[in-house]
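Visitor: First the structure, which I've put down as structure tokens, then a few questions once you've had a look.
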Amino acid sequence: GDQKPTKKTRPKRGQYRKYNSQLLVEAVKAVQRGEMSVHRAGSYFGVPHSTLEYKVKER
């Protein structure tokens, strides 16, 4: 049986942008300034760290 999906949370439409884009910007700045890690900033600012990591690498 294929009862367990590989991803725990499949993003539903509209659920993706739960976070404030301004918070994402602030989180990226904090990481780029070396104030905190991507995971820490993700938790701190409440943004997905995958998105944060993508933004940080995107220069």
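The values are calculated or read from the model by the stated rules, or taken from the named source; none is laboratory data. Computed from a prediction, not measured in an experiment: that's the story for all the values here.
Rundown of residues vs (1) outside any helix (DSSP H, G or I); (2) modelled with pLDDT under 95, yes/no style:
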position	(1), (2)
G1	yes, yes
Y19	yes, yes
K29	no, no
G34	yes, no
T51	no, yes
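Visitor: Looking at segment 36-49, which of its residues are at pLDDT 95 or above and outside any helix (DSSP H, G or I)?
Guide: Matches in segment 36-49: M36, S37.
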